[in-house]
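Have a look at the structure below before the remarks.
The values are calculated or read from the model by the stated rules, or taken from the named source; none is laboratory data. Since we're looking at a predicted model, the values are computed, not measured. Don't worry about glycine lacking a Cβ; one is built from the backbone with ideal geometry, like all the others, and counts go over all protein chains shown.
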Amino acid sequence: MEPRPVSITLEKTHPTGLVEITNDAYHAGPGISKSHLDAIADQSPLHYWYEYENPNREPREESDALRVGSAIHSAILEPDLFTKNYIASPPFNRRTNDGKKMFADFCEENAGKGILLPAEFDMCIAARDAVHRHPVAAGLLRNGRAEQSFYTYDKETGELIKCRFDYLHDNGGMALDLKSTKSASPVNFAKDAANFRYDLAPPWYFDVLHQLYGERPKHWVWLAVEKEPPFAVGLYYARVEDMERAYIAARRDFMRIVNCRRANEWPDYAYNIDPLQMPSWAKR
């Protein structure tokens, strides 16, 4: 299905601009975000429908990686709130019935807080300290606010679009995206960026702000911090030429979602019978 412009009038009832909202409510609520683009690019439209459009979908359980990643974000970006929102579980032996019972009781007593294993909690603290004592990274986390959500209606399609900045400077000059990673080295972080399409975030986020205010930040910086000692930090900026290329890909994926919605067609992989493309290693 080729991306094509559409002109359909939609009801515009969601508030626009900067909206104060929790992270969970942001991800569960309406609006197309960068993660939506990834979902339809990495798999079929049917997979996207099942995850985001299916009215009978079951709530998705958060993976351990996402759970710990969210905790690291809180520790680094909102250190004053981290110990209020997260707590370390005692080292219960959850392989036994007694241990499972004690852990369940502990979770019930601390309902509303993120429960971390002792090693996970210590890792979040260590990553936080590594970033905030870093001679460059620490300065990037000043004169701004964390976890800011923006909404607007796309001018071309009328669809609600959104973004949530990890950290945005008050003067709007720089946006910072925090990534916890196994390796923050230039080579390995670039591989992560390619695999997880980090490069689409700057043009998507900046476009939301530009459509809202007619302006966009001048700079986008990734702050990468490792999840193991010595918790090394890497800092990388988005180049203009890369953002221009990624903007085309972002709009392509966005229009694919829009067109599937308009047609109410969510194809899987088998609309055509295609030749099986054997991997190059198999041919050798």
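Could you check segment 232-252 and list, in sequence order, the residues that are more than 19 Å from the chain's Cα centre (by Cα) and surrounded by 19 or more Cβ atoms within 10 Å (Cβ to Cβ)?
Correct list: 233 only.
Considering segment 184-227 alone, what residues qualify as being charged (D, E, K, R) and free of Cβ contacts under 8 Å to residues at least 60 places away in the same chain?
Within segment 184-227, 191, 192, 199, 207, 215, 216, 218 qualify.
In segment 245-284, what count of residues is obtained for those that are of a type in the set (D, E, K, R) and part of a loop (DSSP other than H, G, I, E, B)?
The number of residues fulfilling the criteria is 4.
What number of residues in segment 237-262 are of a type in the set (Ser, Thr, Tyr) and either in contact (Cβ under 8 Å) with a residue 60 or more places away in the chain or over 19 Å from residue 163 (Cβ atoms) (or both)?
0
Just checking, how many residues over segment 91-120 are assigned to a helix (DSSP H, G or I) and of a type in the set (S, T, N, Q)?
1
Please go through segment 127-141 and give me each residue that is closer than 20 Å to residue 173 by Cα, assigned to a helix (DSSP H, G or I) and not small (Gly, Ala, Ser), ordered by number.
Within segment 127-141, just 140 meets the criteria.
For the subset of segment 150-159 comprising residues that are more than 16 Å from residue 214 (Cα to Cα) and out of contact with any strand residue (DSSP E or B) (no Cβ under 8 Å at 6 or more places or on another chain), which member is surrounded by the fewest Cβ atoms within 10 Å (Cβ to Cβ)?
Filtering segment 150-159 for residues more than 16 Å from residue 214 (Cα to Cα) gives 157-159.
When the remaining residues are screened for being out of contact with any strand residue (DSSP E or B) (no Cβ under 8 Å at 6 or more places or on another chain), the result is 157-158.
On the way: 157: 21, 158: 15.
Restricting to residues being more than 16 Å from residue 214 (Cα to Cα) and out of contact with any strand residue (DSSP E or B) (no Cβ under 8 Å at 6 or more places or on another chain), the top hit is 158.
Within the bounds of segment 184-206, is there any residue that is assigned to a loop (DSSP other than H, G, I, E, B), farther than 29 Å from residue 145 by Cβ and modelled with pLDDT of 95 or more?
Looking for residues that are assigned to a loop (DSSP other than H, G, I, E, B), farther than 29 Å from residue 145 by Cβ and modelled with pLDDT of 95 or more, one finds at least one in segment 184-206, hence yes.
Which residue, of 182, 162, is surrounded by fewer than 17 Cβ atoms within 10 Å (Cβ to Cβ) and charged (D, E, K, R)?
The conditions single out 182.
Mind counting the residues in segment 155-167 that are free of Cβ contacts under 8 Å to residues at least 60 places away in the same chain and either assigned to a loop (DSSP other than H, G, I, E, B) or charged (D, E, K, R) (or both)?
Step one: of segment 155-167, the residues free of Cβ contacts under 8 Å to residues at least 60 places away in the same chain are 155, 165.
From the residues that got through so far, the ones that are either assigned to a loop (DSSP other than H, G, I, E, B) or charged (D, E, K, R) (or both) too are 155.
Residues that pass the stated criteria total 1.
Does segment 182-198 contain at least one residue that is of a type in the set (A, V, I, L, M), within 22 Å of residue 20 (Cβ to Cβ) and over 15 Å from the mean Cα position of the chain (by Cα)?
Our first condition is that a residue be of a type in the set (A, V, I, L, M); within segment 182-198, this holds for 184, 187, 190, 193-194.
Narrowing the set further to residues that are within 22 Å of residue 20 (Cβ to Cβ) leaves none.
Within segment 182-198, not a single residue is of a type in the set (A, V, I, L, M), within 22 Å of residue 20 (Cβ to Cβ) and over 15 Å from the mean Cα position of the chain (by Cα).
When segment 75-116 is examined, which residues are found to be in contact with a strand residue (DSSP E or B) (Cβ under 8 Å, 6 or more places away or on another chain), hydrophobic (A, V, I, L, M, F, W, C) and either exposed (fewer than 15 other Cβ atoms within 10 Å of the Cβ) or in contact (Cβ under 8 Å) with a residue 40 or more places away in the chain (or both)?
Result: 75, 76, 77, 106, 107, 116.
Can you report the number of residues in segment 17-26 which are surrounded by fewer than 16 Cβ atoms within 10 Å (Cβ to Cβ) and either hydroxyl-bearing (Ser, Thr, Tyr) or more than 17 Å from residue 211 (Cα to Cα) (or both)?
Number of matching residues: 5.
Are there any pairs with C-beta distances below 8 angstrom linking a residue in segment 129-154 that is of a type in the set (Lys, Arg) to a residue that is not in a strand (DSSP E or B), with the two at least 6 apart or on different chains, and if so which?
145/170
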